[in-house]
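Following: one structure in structure tokens, then a few remarks.
The values are calculated or read from the model by the stated rules, or taken from the named source; none is laboratory data. All values reported here derive from a predicted model rather than from experimental measurement. Cβ coordinates were reconstructed from backbone atoms using ideal geometry, including for glycine residues, and neighbour counts include every protein chain displayed.
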Amino acid sequence: MSIGTRPLRFLVDLDHEQCMLCGRCVDNCSYGVFRMENNRILISSRNCVACHRCISQCPRDAIRIEERPVDYRNHPVWTAKAREDIYKQAETGKILLGGMGNTLDYPIIFDRIVLDACQVTNPSIDPLREPMELRTYIGKKPKKLDLFRDPSGDVQLKTEIVPNLQIETPIMIGHMSYGAISLNAHISLARAAAASGTFMGTGEGGLHEAIFPYQDNMIVQVASGRFGVNIDYLSRGAAIEIKIGQGAKPGIGGHLPGEKVCGDVSCTRMIPEGSDAISPAPHHDIYSIEDLKQLVRSLKEATEWKKPVFVKIAAVHNVAAIAAGIARSSADAVVIDGFRGGTGAAPTVFRDNVGIPIETAIAAVDAKLRAQGIRNEVSIIGSGGIRNSADVTKLIALGADAVYIGTAALIAMGCRVCGTCYRNLCPWGIATQRPDLVGRLDPDEASVQVSNLIHAWTLEISELMGAAGINSIESLRGNRDRLRGYMLDETMLSVLDIKPVGA
Amino acid sequence: MCGIIGVIDRHRELMDGSTIRNALAVMDERGSGEGSGYVAYGIYPDYADLFAFHLFYDTLGQPKTQVEELLENWGMIEHDEEIPTCEQPGMRKVHIPWRYFFRPNRKLMLHSSTPDDDIVTRVVMEINTTIPGALVFSSGKNLGVFKASGWPREVADFYRIQDYEGYIWLAHNRYPTNTSGWWGGAHPFNLLNWSVVHNGEITSYGTNKRYIESFGYRCSMFTDTEVVAYLMDLLVRQHHLPLNLAVRALAPPFWDEIDRMDGHEQELNRAIRLIYGSAMMNGPFAIIVALEDSIVGFSDRIKLRPLVAGTHEDRLYISSEEAAIRTMEPAIQDIFMPEAGEPVIGRVIA
């Protein structure tokens, strides 16, 4: 081996004075960092991914994890990552895979946008004492209301409104498949969605029968692999989502490593056990926007026009024009996934380099749809790197109807964002199918944590709206006058169509 | 703050401007002397079928030539003159108010079902956004806005509004925050036959503006009030909603209330909120809107600004202050406080 051993990513250290040899670290570490020999804990730091499972379980706080104890010689161009990627590829000749979202240090636009509040000239509204409305309807709306007078002179509704999804908070849970995450994780998220009056996506892994009790809160996905898709699946969902692409890997299909395709996953997906599930890059029945329209309408036809159909695309350079095409396809909502979107497994070259930030994508899509007079044809759902209630509020003010959260919901269940989801070893029982690990995630607890998160963010959004003198979310949507850009350049301000601070 | 008042006589009996001048002045506490204005309907009976344009000119040279050229391109000026004014001790003639009686050439807008209105809207937007030194602040038929920077009495006397007789009057006493001292920033705001007086600040302005602009309107007056006129024009003239439902779109019931409504009523209100969510106005406001045959007053959904109404014989009064109504009609008995968001509508009979 001419390249030899590289410096440790993490150094794990144990305070033997503190350690009481309970062995919980040994039992909990699925990566094999700890072992007990002769009444002493031995450590293989090289196996550590910093998932912090051991830290969370150690009763004596005896474990310490240090990042990069010995680094490479510092170099501004040939960073440690640049060098290590080359070592790995020189050894394997393969595409590099990674989990979770974009790891490059791009500036986060959300953090350069500030929100408004009322002072004197208009009163802020106190959500503790006044109604505050976050209810949102996702779906197509008619452009105008048509009425007629019945023989008795009463005004009657002529307009018919196609089915919309009613959500009590603008926060929805995005598509993470059973396969990428465990059944317990899926059950926890589904229960949280139902408890919060919102919806959750199935991802492209089909719908396990354990989720059937929550099917009224599920959006079933049809992706290019068509895993798990049949009429029963389509009929169970509250809505159907066609996944064209995702923010973590625009232009390519899904990856589920064979390690994660256990018996149950293979049944739900309708694929052989242990086989890699690699979805094709395009849908092989969609080679143009007209083909998309046919698929949207076929799915509606199959479900008797009772269910909204969403189309999800990655935020790419031409996202606004693509969304305008989707708005004309009979779709009810367009989901835009920004380049910070998470994933269970993606080629890191895509994850880190392809696509655009969700803030700019939503601003561009909303502006384009309005300019073409078709904003009412579709709802806009934004996702990809939404970390807190301020991000949600800012994205809605930029023009989104609602957001999908993914990574944030996983973190609420314990995920430490170690980025090793693709190895099937998640010691939190989230991104794994190993029964002993999955058993660590208790849906009774995890579902409460996720609904707590949604509840807390919803409260914060209410407070932010009240402070801005707004008591209904419709009046926040697209209200870019209530945003200001801080230290953003003029080009970016014009893309976002917001003023700078002080203006 | 701002104080507003409006009156309508259901038999179109004419009132001169002197009483509303005094009523508006009762609310001087709500203003700052930097903007007052009046609008009266029925004041130009000799030109009743022509659009009465009121403009502010900064000079009579270039801007006036450009405006007249534009008007002649789109129709015919049947008559024009300077609006008579009488300078007041505290008020100089900063702009030259001018009026045109204009007949649009509807052949130039054949594709439209309302060619006259569309031509006038287009001409107004074009003058206000492209001709420096000219501003159209009134463009309806048989009606006129009179406004300027100053206290209500000064502005009234400046325009001699006691010489005008109308069956509808709206008036506004301004406490400016956004654009101080600018004559164009005073209310009423008018487009076609829509006039608006507004006390408040619309926190949903950004949403409303983006919504209305997607229907071709252009917000050019640097005030959130104009958006009310455009929204009413869209909902009532273009989408044919009855006045009460248009108001419901702008200040709709809460979902809790809608959820408790009966089937048909619930369906209608849900549809209004779904379709016109972006037209909903948020923030504190009390507004009176006038059209040639009606006025409607309403407040925001939680009534963060005062609004009181009263009726006496053939007249409906709506105002920020009861004292202002009593100044106009000392004998009035029937005074009431409308609920938050509930419209008070007065119409002429035939």
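Here B:Val39, B:Val94 are screened, and the one residue that is loosely packed, with under 15 Cβ neighbours inside 10 Å, out of contact with any Cys (no Cβ under 9 Å at 6 or more places or on another chain) and not aromatic (Phe, Trp, Tyr) is B:Val94. Kindly establish whether A:Gly247 is in the same structural domain as A:Ala361 (by TED's automatic domain parsing), in contact with a helix residue (DSSP H, G or I) (Cβ under 9 Å, 6 or more places away or on another chain) and either at positive phi or among the polar types (S, T, N, Q) (or both). So A:Gly247 does not fit the description; no. Within segment B:327-340, being in contact (Cβ under 8 Å) with a residue 12 or more places away in the chain and either crowded, with 20+ Cβ neighbours inside 10 Å or farther than 22 Å from B:Gly283 by Cβ (or both) holds for B:Thr327, B:Met328, B:Glu329, B:Ala331, B:Ile332, B:Gln333, B:Asp334, B:Ile335, B:Phe336. Taken together, A:Ile95, A:Ile138, A:Ile63, A:Ile108 contain a single residue that is within 14 Å of chain B (Cβ to nearest Cβ) and among the β-branched types (Val, Ile, Thr), which is A:Ile138.
Give the residues of segment A:144-158 that are more than 10 Å from chain B (Cβ to nearest Cβ) and either hydroxyl-bearing (Ser, Thr, Tyr) or in a strand (DSSP E or B) (or both), sorted by residue number. Across segment A:144-158, the qualifying residues are A:Phe148, A:Ser152. If we scan segment B:223-245, do we find a residue that is under 17 Å from A:Met132 (Cα atoms), in contact with a strand residue (DSSP E or B) (Cβ under 7 Å, 6 or more places away or on another chain) and among the aliphatic types (A, V, I, L, M)? The answer is no; no qualifying residue exists. Consider B:His240 carefully, then state whether it is assigned to a helix (DSSP H, G or I) and either at the interface with chain A (Cβ under 10 Å from one of its Cβ atoms) or over 19 Å from the mean Cα position of the chain (by Cα) (or both). Taking the combined requirement at face value, the residue does not satisfy it.
Among all positions in segment A:457-466, there is at least one residue which is over 22 Å from A:Ala412 (Cβ atoms), within 14 Å of chain B (Cβ to nearest Cβ) and touching a residue at least 40 places away in the same chain (Cβ under 8 Å). Screening the candidates B:Gly283, B:Gly263 for the property of being within 14 Å of another protein chain (Cβ to nearest Cβ), surrounded by fewer than 21 Cβ atoms within 10 Å (Cβ to Cβ) and farther than 22 Å from A:Lys144 by Cβ yields one hit, B:Gly263. When we screen B:Tyr159, B:Tyr230, B:Tyr164 for residues that are away from chain A (no Cβ under 12 Å), of a type in the set (Phe, Trp, Tyr) and free of Cβ contacts under 8 Å to residues at least 60 places away in the same chain, the only hit is B:Tyr230.
For (1) surrounded by 21 or more Cβ atoms within 10 Å (Cβ to Cβ); (2) in contact (Cβ under 8 Å) with a residue 24 or more places away in the chain, each residue gets a yes or a no:
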{"position": "B:Asp16", "(1), (2)": "no, yes"}
{"position": "B:Gly33", "(1), (2)": "no, yes"}
{"position": "B:Val67", "(1), (2)": "yes, yes"}
{"position": "B:Trp74", "(1), (2)": "no, yes"}
{"position": "B:Asn105", "(1), (2)": "no, yes"}
{"position": "B:Ser112", "(1), (2)": "no, no"}
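Which residues, counting only those in segment A:473-503, are in contact with a Pro (Cβ under 8 Å, 6 or more places away or on another chain) and either more than 18 Å from A:Pro107 (Cα to Cα) or within 7 Å of another protein chain (Cβ to nearest Cβ) (or both)? Residue satisfying the conditions is A:Ile473 alone.
Criterion applied to A:Val448, A:Val417, A:Val403 was being more than 23 Å from A:Pro123 (Cβ to Cβ) and buried (at least 24 other Cβ atoms within 10 Å of the Cβ), and the one residue passing it is A:Val403. Applying a threshold of 6 Å to beta carbon distances and a minimum spacing of six or more residues, or different chains, the list of pairs starting in segment B:186-215 at a residue that is in contact (Cβ under 8 Å) with a residue 60 or more places away in the chain and away from chain A (no Cβ under 14 Å) and ending at one that is surrounded by 24 or more Cβ atoms within 10 Å (Cβ to Cβ) and aromatic (Phe, Trp, Tyr) reads B:Val196/B:Phe189. Across segment A:438-489, the number of residues qualifying as assigned to a helix (DSSP H, G or I) and not hydrophobic (A, V, I, L, M, F, W, C) comes to 18.
Against the numbered list (1) within 8 Å of another protein chain (Cβ to nearest Cβ); (2) modelled with pLDDT of 95 or more; (3) surrounded by fewer than 17 Cβ atoms within 10 Å (Cβ to Cβ), A:Leu115 comes up short only at (1). Do we find that A:Ser389 is touching a strand residue (DSSP E or B) at 6+ places or on another chain (Cβ under 7 Å) and among the polar types (S, T, N, Q) in this structure? No: the conditions fail for A:Ser389.
If you go through segment A:293-304 one residue at a time, do you hit one that is touching a residue at least 24 places away in the same chain (Cβ under 8 Å) and farther than 25 Å from A:Phe227 by Cα? No, segment A:293-304 has no match at all. Tell me, please, whether a residue that is within 14 Å of chain B (Cβ to nearest Cβ), within 17 Å of the chain's Cα centre (by Cα), under 21 Å from B:Met281 (Cβ atoms) and assigned to a helix (DSSP H, G or I) can be found in segment A:399-417. Within segment A:399-417 (the criterion being within 14 Å of chain B (Cβ to nearest Cβ), within 17 Å of the chain's Cα centre (by Cα), under 21 Å from B:Met281 (Cβ atoms) and assigned to a helix (DSSP H, G or I)), the answer is no, since none of the residues qualifies.
From the list B:Val227, B:Val196, B:Val247, B:Val236, the one residue that fits, being among the β-branched types (Val, Ile, Thr), at negative phi and surrounded by fewer than 23 Cβ atoms within 10 Å (Cβ to Cβ), is B:Val236. In this structure, B:Val124 does not satisfy being of a type in the set (Val, Ile, Thr), under 17 Å from the mean Cα position of the chain (by Cα) and crowded, with 24+ Cβ neighbours inside 10 Å. For segment A:375-432, what are the residues that are closer than 29 Å to A:Arg9 by Cα and among the aromatic types (Phe, Trp, Tyr)? Hits for segment A:375-432 are A:Tyr422, A:Trp428. Only one entry in A:Glu290, A:Glu273 is modelled with pLDDT of 90 or more, of a type in the set (D, E, K, R), surrounded by fewer than 20 Cβ atoms within 10 Å (Cβ to Cβ) and part of a loop (DSSP other than H, G, I, E, B), namely A:Glu273. Summed over segment A:122-135, residues that are touching a Gly at 6+ places or on another chain (Cβ under 7 Å) and either facing chain B (nearest Cβ under 10 Å) or under 19 Å from A:Gln166 (Cα atoms) (or both) total 5. Of all residues in segment A:159-180, those being crowded, with 21+ Cβ neighbours inside 10 Å and either in a strand (DSSP E or B) or not assigned by TED's automatic domain parsing to the domain that holds A:Glu474 (or both) number 6. Does at least one position in segment A:377-386 carry a residue that is over 27 Å from A:Pro257 (Cα atoms), touching a residue at least 12 places away in the same chain (Cβ under 8 Å) and over 18 Å from the mean Cα position of the chain (by Cα)? Within segment A:377-386, one or more residues are over 27 Å from A:Pro257 (Cα atoms), touching a residue at least 12 places away in the same chain (Cβ under 8 Å) and over 18 Å from the mean Cα position of the chain (by Cα). Looking only at segment A:320-339, decide whether some residue is touching an Asp or Glu at 6+ places or on another chain (Cβ under 6 Å) and either of a type in the set (Lys, Arg) or closer than 21 Å to A:Lys144 by Cβ (or both). So far as segment A:320-339 goes, yes, one or more of its residues are touching an Asp or Glu at 6+ places or on another chain (Cβ under 6 Å) and either of a type in the set (Lys, Arg) or closer than 21 Å to A:Lys144 by Cβ (or both).
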